[in-house]
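This report refers to the structure that appears directly beneath it.
The values are calculated or read from the model by the stated rules, or taken from the named source; none is laboratory data. Treat the numbers as computed from the prediction; the structure is a model and nothing was measured. Note that each Cβ is placed from the backbone with ideal geometry, even for glycine, and that neighbours are counted across all protein chains shown. Accessible surface is based on the protein model in full, side chains and every heavy atom, while ligands, DNA and RNA are left aside. Shrake-Rupley method; radii C 1.70, N 1.55, O 1.52, S 1.80 Å.
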Amino acid sequence: MSATISDAALRYARIALGTAFLSAVASRFGLWQGTPGLSRFPAFIAHTGQVNAFMPAVTIPFLAWAATFLEVACGLGLVLFGLLPARIVAVSVWPRILAFASAVLLLLFALAMTISLGPKQPLDYSVFSASACALLLAIYPVSPSSPA
């Protein structure tokens, strides 16, 4: 496979994962479908409680905010590195760190969903496959023309 196709595939994976994180956050803050302000965030906290039913109730708001913060950080970072030229991305360790953090975050989401809701939801929402994609981004050379 040519370096150009590989670079494009890596770029596509970074941007797709990053925008998925950012879309989820936009939804919970009402930026999709015209829902104003924080009106959807309380529903997200309740959903976080359902997904993390095994956690003490007092930890749920923290988990909701922590997930939101990490999704924004990983999302913005992945999109940024997806848009930058490959020669710039190749000299930074951050694309791999962000990809690995994304893989771990998505795996935690998938495991929590599986424990609390069963395996169907994380499989239907492709959470395990998104985690695997992020892990491949973390271990694959940031550019096929760069060293591993």
Requested in this report: Name the long-range amide H neighbours of Ser92: under 5 Å, sequence gap of 5 or more, or other chain; modelled H, no Pro or chain starts.
Outcome: none
Query - Choice from Gly75, Gly49, Gly30 showing the highest fluctuation, given a GNM over the chain with Cα pairs closer than 10 Å - result: Gly30
Report summary line: Heavy-atom accessible area per residue of the chain, all protein chains kept, 1.4 Å probe, expressed in Å², is 57 Å²
Query raised in the report: What FRET efficiency, computed as 1/(1 + (r/R0)^6) with R0 = 22 Å and r the Cβ-Cβ distance, is obtained for Leu111 and Ala132, rounded to the nearest 0.05?
Result: 0.95
Report summary line: Amide H contacts under 5 Å for Gly30, restricted to residues at least 5 apart in sequence or on another chain and with H modeled in the peptide plane, are Arg40
Query raised in the report: Could you give the alpha-carbon Rg of the chain over 2.2 N^0.38 Å, rounded to two decimals?
Result: 1.12
Report summary line: Karplus ³J(HN,Hα) for segment 41-47 (6.51 cos²θ - 1.76 cosθ + 1.60, θ = phi - 60°; Hz, whole; x = Gly/Pro) runs 5, x, 5, 5, 4, 4, 5
Requested in this report: Measure off, as a whole percent, the carbon and sulfur share of the 1.4 Å-probe accessible area of the chain, all protein chains present.
Outcome: 75 percent
Query raised in the report: How much length is gained if the chain between Ile15 and Phe62 is pulled fully straight, taking 0.36 nm per residue apart and subtracting their Cα-Cα distance, in nm to one decimal?
Result: 14.2 nm
Query - Whole-Hz couplings from phi, Karplus 6.51/-1.76/1.60, listed for segment 52-60; x for Gly and Pro - result: 10, 4, 7, 8, x, 4, 5, 8, 4
Requested in this report: Multiply the residue gap between Tyr125 and Leu80 by 0.36 nm, knock off their C-alpha separation, and tell me the result in nm, one decimal place.
Outcome: 13.8 nm
Query raised in the report: Out of segment 46-148, which chymotrypsin sites (Phe, Trp or Tyr not before Pro) are coil in DSSP terms and have no more than 15 other C-beta atoms within 10 Å?
Result: Phe54, Tyr125
Query raised in the report: What's the Cα-based Rg to Rh of segment 32-103, Rh via Kirkwood?
Result: 1.12
Query raised in the report: Could you give the angle, 0 to 90 degrees to the nearest 10, between helix 94-117's Cα long axis and the longest principal axis of the Cα atoms of the chain?
Result: 30 degrees
Query raised in the report: Applying 1/(1 + (r/R0)^6) with R0 = 30 Å to the Cβ-Cβ distance of Ile139 and Ser23, what FRET efficiency is obtained, to the nearest 0.05?
Result: 0.75
Requested in this report: Would you kindly derive the ³J(HN,Hα) couplings of segment 63-70 from the backbone phi angles with the Karplus curve 6.51 cos²θ - 1.76 cosθ + 1.60 (θ = phi - 60°), listing them in order in whole Hz, with x for Gly and Pro?
Outcome: 4, 5, 5, 5, 4, 4, 4, 5
Query raised in the report: So what is the relative contact order for the chain, in percent, with contacts set as C-alpha pairs under 8 Å and at least six apart?
Result: 31 percent
